[in-house]
Structure formats: structure tokens, C-alpha cells
Amino acid sequence: MMNDAVSLRAQLLRWLVAPLVALNLIAAGVAYWLAWMPAQTAFDQSLADTAWALVPHMQDSGPSIELSLSQQAEQVLRVDHFDSIFFVVRDTKGRIIAGDLDFPPLQIPPKYNSYVAYSSHMRGEEVRAITLSTLINGEPILIGVAETRVKRQQLKLRIFWSLLVTELLLLLLVILVVRWVLAKGFQPLQDIQGELAARRLDDLSPLPLVATPQEIAPFIRAINELLQRAQASGRAKQEFLANVAHQLRTPLAGFKTQLEWLRDHHRADTDTAQSADLMLASTDRMVRQANQLLALARSDPGDFQRQRLGRIRLDQLVSTSVQQFVQQALKKHIDIGFNLQPTEIDGDSFLLRDLVDNLVDNAIRYTPEGGQVTVSCAALDGRGVLRVEDNGPGIPDAEKEHVFERFYRLDQTQAGSGLGLAIVRDIAIDHHAQVALSAGHAGRGTVVSVTFPPATAPSAQAVPG
Ligand code: ATP
Ligand code: MG
């Protein structure tokens, strides 16, 4: 679908450039005509001057008029750097008095002592000619002068090329200006795109409307309405999920108690006891999944209010939380160690319990029997840092981003829903904390470290030990 999309900017550029090119061509035509016409008149005028120069050399010699022109004078008249010049002197009856016999037919000017200019052919070449009509001793005389068109063609070409270059430069300049203007015009849209692209996946807060051009404001308002609806519907789903998970916990707890009673009362019947044990294991998994769903709903960063954070002793919270895992670790002969230094952070104790529980649960769950897990916390440069390290199989580099996705799992042999690290990430976002995954000692195992920002909340809330 994206490949079919047309670029509005390219479209606008095309729409603007096509008429601009047409306009430029018309302007160039007019400029060409305006430049050539006066030059043509000047050239014609100079031909007329040549004709006038012949007039003083005409004499009335009795019965007819003659032209007395020395050879030298005639040469001067005919000489031009570029063109050949021809002439003829005729009376009105068509008798040629002097000049070139093959001079093309003359066009007669309407009045005496005036000339007409026209194009004609002579000796196989195109020529420009004029005819001057005058009276010599009362006798009407026509003088024709013609010249080849070399000079004129040269000038025409020069005008053409200078116009072409000017117009092309102008067009280039206009295209550059139009492109710049379009880029500036589209900047607000680009800004919105940047703002949306830089957001977290679940950030549905409205787009800012300040400094938005009038034309774009309705569009942004529509997007904002959509975002608001998406946020409301997301919140409704989240609440529904939290409610369902919460509601499931009580009946599951009752169910578990009944199963334990059943197992204890039928210990003699091994089949029943074994079946009850299997059901208990399944029930434990269901309880854990319900808890994970509840934790996921609670930690949603889109819905989290930062004012809920208060001053917390991370070391105390971790030592409380870890106690429930000692049994689990013992069962797998995992050596679990602690290094908990007094560490204060701003946090929400319920959410942080979920975070610590999930990290420690992963470390114990995915580390093989006889392994080692170390949980530590300390304050480094005012920042609280929590580290959960194990010497298990580790997480490959290529999977490091993916394991934070919901329902993404690597190790299918262990029970789990794939929500633990997604919950950890959401809670870290709630706390403006950074989560990093790396390898442990000698490149083996996994280290998850969570770095919290320096604490600013008033120190009142302490976690009971
Ligand atoms: P849940 O925690 O919801 O019960 P889960 O443990 O499968 O299920 P996550 O905690 O999100 O889900 O972990 C995702 C995957 O990352 C796990 O399936 C596991 O393969 C891998 N993983 C997580 N922690 C470790 C670890 N410490 N060592 C090795 N692999 C790990
Ligand atoms: Mg897990």
C-alpha cells in the first residue's frame, strides 16, 4: 500500500512547474520578438542608407538618367564583413539603369522618398531587400539594395542563446525556490511525524496544538480525538483484564485449598494423591498466570501516575521479596546469594515487588540445577541499581530486544506465559528506569540490571522488613 502512495510534495512541484515552464516559454517568445524587431529595423535602415548614398551619383544625361559611380566607390558600397550586397537602379518602366541585372523583382513603396523592406531570393540565397523610390530631375527612379542574411542570422542566434540561458537559469531558480517553500510548508507535518515517531509505543497523549498552522489544526484535532478514544478503549481493556485476573484469584485459591485437602485425605490411595498433585501443579500455574495478567494491567505506563511514587528502601523491598524464592531455589540446589546495600529510590512498592519477583523467578527458573543466582542492589552516583545475575544459559544477543515483548518465550521446556519481562519493562518505564540485559561472568549466564533515577520524593515511606 505504501508503495502506491503519491508524494504530495512531488505532485505540487509538478503542478507548479508545468505552468511555469509554459509561461517561461511564452515570455521567452515575446522577449525574442521584442529584441529582434528593432535590430531588423536598424539593419533595413542601413540598407536604405546605402540606397540613399547612390542618389548623389545619378545624373540626367540628356535623354536618360545614368549612374556614374567609380569602381572604387562601387567596391566600398558592396563591401561588408559578413554579407554580399547587391543593388539595382531602375526606372518605373522596368529599364535597368545600373547594378545587378539579376536583381529580384522590386516591391514599390507607396510614396516617393520612402522605402519598403522585404525578404527575397537572389542567386539561390535568401536575402533581405529594400526598394527606395525617389525623383531625380522629376523622373521617378527605383533603387533596390539587397544583402545576404549572415549578420542577421548571427544576431538572431545570439539573441536566442542568451534568452535560452537566462530562461533556464530563471526556471532553475524558480524550482529551487518552490522546493524550499514546499519544504517549509510541509515542516509542521514533518514535526508531527517526528513527534509521533519519537513516542513510546503506548504513549497516546494528545499532540500539541500550539504553533500549528490553521490548515493542519483540524487534522491534528481529529488525530487527538482518535488518540483519546484509543486511550479510553485501552484503559477499558486494561481494567477488564485487571478485574478478570483479580476475580480469578479468589476461586483459584479456594480450589487449591480443596485440592490440598483431597490429597491429604487420600494419601493412602496413591492414584488419587498423584492426580491431586498434578491438579495442584496446574492450579499453581493458573494462579501465577492470573497474577502476571494482574501485574501487567497494573503496570501499564499509559495509565500510570508518577505522583504515586514515594521514597522506598530498595534493599529492604528486595530482601522481603526474595524470601518466597528460597524454597524454589533449594529444590533446584541453586545457591542464591545477596549483596543488598542501603539504597533509596522513588518507587511504587507493589509494582517494584512485581519487578523483583519476575527477575528472580526468571533467574531461578532458567538456571539449571546446581547453578548460582546473585541479587544485589547499591546506590551508584545517587542512582539506585538493582542487579539479578545467574550463570544459566544466557539470552542470545539477537533475542535481547524480543524477550521484552509480551508472550515471547525462548525456553519452551519451562512453564511460563512470556509476560515477566514485559511487566519488568513497563514497571521500569513507570519509574523512568533503564533496564539492561548483558552476559555474566566470563560471558556466561544473564545479568539484568535496572538503573533508577536519583530519588527526589520526601523520605517517609519505608518498607516494613
Ligand atoms: P512468565 O515470566 O510470564 O511466567 P516467561 O518467564 O517465559 O513467562 P519472561 O519472563 O518475559 O517470560 O521471559 C521471556 C523469555 O526470556 C523466557 O521464556 C526465557 O526463555 C528468557 N529468559 C528470561 N530470563 C532469562 C534468564 N535469566 N536466563 C535465560 N533465559 C531467560
Ligand atoms: Mg518469567
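Rundown of residues vs (1) small (Gly, Ala, Ser); (2) open to solvent by less than 60 Å² (accessible area, probe 1.4 Å); (3) under 30 Å from LEU278 (Cα atoms), yes/no style:
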{"position": "LEU204", "(1), (2), (3)": "no, yes, no"}
{"position": "PRO208", "(1), (2), (3)": "no, no, no"}
{"position": "PRO213", "(1), (2), (3)": "no, yes, no"}
{"position": "ALA222", "(1), (2), (3)": "yes, yes, no"}
{"position": "GLU225", "(1), (2), (3)": "no, no, no"}
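Report yes if GLY302 is surrounded by fewer than 21 Cβ atoms within 10 Å (Cβ to Cβ), of a type outside the set (Phe, Trp, Tyr) and touching a helix residue (DSSP H, G or I) at 6+ places or on another chain (Cβ under 7 Å), otherwise no. Let's see the steps before the verdict.
Numbers: surrounded by fewer than 21 Cβ atoms within 10 Å (Cβ to Cβ): yes; of a type outside the set (Phe, Trp, Tyr): yes; touching a helix residue (DSSP H, G or I) at 6+ places or on another chain (Cβ under 7 Å): yes.
In short, yes.
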Return the pair list, or none, for Cβ contacts closer than 8 Å from residues in segment 416-429 that are more than 8 Å from ligand 2 (Cβ to nearest atom) to residues that are among the β-branched types (Val, Ile, Thr), at least 6 apart or on different chains. VAL424/VAL435; VAL424/VAL448; VAL424/VAL450; ARG425/VAL435; ALA428/VAL435; ALA428/VAL450
Residue check, LYS331 against (1) open to solvent by 60 Å² or more (accessible area, probe 1.4 Å); (2) under 12 Å from VAL375 (Cα atoms), all met but one. Which one? (2)
Would you confirm whether any residue within segment 132-139 is assigned by TED's automatic domain parsing to the domain that holds ALA42 and open to solvent by 90 Å² or more (accessible area, probe 1.4 Å)? yes
Criterion (assigned by TED's automatic domain parsing to the domain that holds GLN328 and surrounded by fewer than 18 Cβ atoms within 10 Å (Cβ to Cβ)) met by exactly one of ALA457, ALA428, ALA422: ALA457
Checked segment 62-81 for anything of a type in the set (A, V, I, L, M), in a loop (DSSP other than H, G, I, E, B) and surrounded by 11 or more Cβ atoms within 10 Å (Cβ to Cβ); matches are LEU69
Considering residues of segment 345-379 that are surrounded by fewer than 20 Cβ atoms within 10 Å (Cβ to Cβ) and among the acidic types (Asp, Glu) only, the residue farthest from ligand 1 (Cβ to nearest atom): GLU369
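Out of ASP426, ASP411, ASP430, I need the residue that is more than 14 Å from ASN358 (Cα to Cα) and more than 10 Å from ligand 1 (Cβ to nearest atom). Which one?
Answer to the check: ASP430.
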If ALA117 passes every condition in (1) outside the structural domain of SER46 (by TED's automatic domain parsing); (2) modelled with pLDDT of 95 or more but one, which one does it miss? (1)
If we ask which residues in segment 433-453 are outside any loop (DSSP other than H, G, I, E, B), more than 9 Å from ligand 1 (Cβ to nearest atom) and open to solvent by 20 Å² or more (accessible area, probe 1.4 Å), their number turns out to be 9
Can you name every one of the strands (runs of 3 or more DSSP E) wholly within segment 82-198 that holds 2 or more residues which are under 25 Å from TYR32 (Cα atoms) and out of contact with any Leu (no Cβ under 9 Å at 6 or more places or on another chain)? 114-122, 125-136
Restricting attention to segment 87-118, and to residues there that are among the aliphatic types (A, V, I, L, M) and without any contact (Cβ under 8 Å) to a residue 40 or more places away in the chain, which single residue is nearest to HIS57 (Cα to Cα)? ALA98
Taking segment 380-406 and keeping residues within 7 Å of ligand 1 (Cβ to nearest atom), buried (at least 16 other Cβ atoms within 10 Å of the Cβ) and not in a helix (DSSP H, G or I) leaves ASP390, GLY392, GLY394, ILE395
Candidates LEU101, LEU25 - the one that is open to solvent by 60 Å² or more (accessible area, probe 1.4 Å) and under 30 Å from VAL165 (Cα atoms): LEU25
Is one or more of the residues making up segment 407-420 within 15 Å of ASP300 (Cβ to Cβ), within 34 Å of the chain's Cα centre (by Cα) and either among the aliphatic types (A, V, I, L, M) or assigned to a loop (DSSP other than H, G, I, E, B) (or both)? no
I'd like to know if segment 322-333 contains one or more residues that are more than 13 Å from ligand 1 (Cβ to nearest atom) and either outside the structural domain of GLU389 (by TED's automatic domain parsing) or within 43 Å of the chain's Cα centre (by Cα) (or both). no
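The values are calculated or read from the model by the stated rules, or taken from the named source; none is laboratory data. All values derive from a computational prediction rather than experimental measurement. Here Cβ is always computed from backbone atoms with ideal geometry, including for glycine, and neighbour counts include all displayed protein chains. SASA here: full protein model, heavy atoms, side chains in, ligands and nucleic acids out. Shrake-Rupley method; radii C 1.70, N 1.55, O 1.52, S 1.80 Å.
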